[in-house]
Amino acid sequence: MIGNRNLQLNLGLVLAGLISIAILAMPQGTLRAMDLKVPLKFQFGPGRSVPGYIHVLPNMAYTSKRGYGFDLGFKVKGVHRSNSAGVRGAFVTSRKPFFFSVEVPPGNYNVTLTLGDLKGRSVTTVKAEQRRLMFKKIVTAPGKYATRTFTVNTRSPEISTGGKVRLKPREIGSLEWDNKLTIEFSNIRPCLCAMTITQAHPVTLFIAGDSTDTDQRFEPWCSWGQMITRFFVPRRVVVANYAEDGESANSFIWENRLKKVMSVIRPGDYLFIEFGHNDQHERGRNAGPENEYRQSLLTMIAQTRAHHAIPVLVTPMARRLYRHGKIYNSLAGFPIEMRRIAKQEKVPLIDLNALSTVFFNKLGPVGSKAAFVDLTHNDDYGAYEIAKCVLFGIKKAHLPLERFIRPGLKPFNPAHPDPLSSFHIPRDPQYSTVKPSGW
């Protein structure tokens, strides 16, 4: 009797394994969203299905029922080269940027890409979620392939300790707070062969701030929070950008954004805190750098430390406002108060206000136009260079985080920024002339 039970159990386990393999090899998108479990392995393009991979054909648009597919209405072309080359024998490509989405629970993920073409050259830029730069430019020669991994954070507005984040209309329908992981492929000829998604457990760098460091949704607007993702070692650090347009230090708290961060922050994580632009324009009895602003920053510091995480104060980036050819402090006492708090509370400080002033002075009143869309908000080039200023500040403050900065990066000095002529990141297809909220 015991032998029969064992035989039945073993047969059941074998059958379950065969069913799992059959599900992963389904070529026509018959997998349902509820069946998707991390780790996930996708192969792209026409040709023979490879066991263990979900086969994604070029015509598979994202649907909530399927749980994965090419998203936002952008099309791809499939190319088949060889059945004997496995997942490298085919790929999808496009002359325009394209997006691939997959439903995953909120959390951190390692995404490993296989890029290349058996018979042609490929050039690929990769962004994730709301235009977070992961790889600036990956080039493969004909017959060569690149395998690259990045680490990305996804989130939802629900808070495990109760309540929800009070989202602004701008955030509803964006790629930031949905139930998907979305990856963008662009450049001259992106060739996507395969993708693997696994759970990640890195150090998380949370950002609390405003429109100068949020994940901007549309071109030509951009922020350093979207660019700094490209500079950290994958699997070791992930950026979770909770900054949002129009936020002051106080509103970040009462909109439950700080509560959301505190519900997921872990010991050893970081919270970078940059406010001042919108705080400057608040009115009322408690307005001003030494009142509500100060108390809000102290609250963020205390709660971060209570979770055994590391608060880092980041003075607000300078505006593009010049007098006699030099940037002047248009943020009044807010950078000064943040420096004072950092000293009193023994909190690490990245003086981005000072670093950005050096950078903008180097560019000058005319040259700085190449780094801004308006007087406050950066474009891609400006955001990329400001992200490098933040890295410069991380090193200057000797944060343990600096050991996770990608090796091989050229030393950066804000007084000697990268020339605009050497900078290129493909433009995203989503564009808006509407100015981000805030000042």
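The values are calculated or read from the model by the stated rules, or taken from the named source; none is laboratory data. All values reported here derive from a predicted model rather than from experimental measurement. Don't worry about glycine lacking a Cβ; one is built from the backbone with ideal geometry, like all the others, and counts go over all protein chains shown.
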Unique residue being assigned to a loop (DSSP other than H, G, I, E, B), within 23 Å of I336 (Cβ to Cβ) and over 20 Å from the mean Cα position of the chain (by Cα) when the list is A287, A302: A287
Verdict on L175 being surrounded by 20 or more Cβ atoms within 10 Å (Cβ to Cβ), closer than 22 Å to R257 by Cα and not β-branched (V, I, T): yes
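In region 49-64, what count of residues is obtained for those that are over 15 Å from L192 (Cα atoms), modelled with pLDDT of 95 or more and not aromatic (F, W, Y)?
Residues meeting the conditions: 6.
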Residue match in region 345-360 (condition: assigned to a helix (DSSP H, G or I), aromatic (F, W, Y) and more than 17 Å from F252 (Cβ to Cβ)): yes
Qualifying residue in region 396-419 (condition: in contact with a Leu (Cβ under 8 Å, 6 or more places away or on another chain), β-branched (V, I, T), in a helix (DSSP H, G or I) and not assigned by TED's automatic domain parsing to the domain that holds R189): no
Test set (1) over 18 Å from G225 (Cβ atoms); (2) surrounded by fewer than 18 Cβ atoms within 10 Å (Cβ to Cβ); (3) in contact with a Lys or Arg (Cβ under 8 Å, 6 or more places away or on another chain) - Q430 fails condition number: (1)
Filtered residues of region 312-361 (kept if in contact with a helix residue (DSSP H, G or I) (Cβ under 7 Å, 6 or more places away or on another chain), closer than 17 Å to P414 by Cα and of a type in the set (D, E, K, R)): R320, K326, D351
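Yes/no matrix, rows are residues, columns are (1) under 30 Å from L72 (Cα atoms); (2) surrounded by 19 or more Cβ atoms within 10 Å (Cβ to Cβ):
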| residue | (1), (2) |
| --- | --- |
| T212 | yes, yes |
| E244 | yes, yes |
| S251 | no, no |
| Y270 | no, yes |
| Q280 | no, yes |
| N291 | no, no |
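Per-residue answers, yes or no, for (1) of a type in the set (V, I, T); (2) out of contact with any Cys (no Cβ under 9 Å at 6 or more places or on another chain):
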site	(1), (2)
L355	no, no
V358	yes, no
K362	no, yes
G367	no, yes
A370	no, yes
D374	no, yes
N378	no, no
K395	no, yes
Strands (runs of 3 or more DSSP E) contained entirely in region 108-221, each with at least 1 residues that are over 15 Å from the mean Cα position of the chain (by Cα): 122-128, 132-140, 145-154, 180-189, 192-199
Total residues in region 362-383, condition assigned to a helix (DSSP H, G or I) and among the hydrophobic types (A, V, I, L, M, F, W, C): 5
R427 among the charged types (D, E, K, R) and touching a residue at least 60 places away in the same chain (Cβ under 8 Å): yes
Selection status of A332, under 28 Å from I301 (Cα atoms), touching a residue at least 24 places away in the same chain (Cβ under 8 Å) and within 21 Å of the chain's Cα centre (by Cα): no
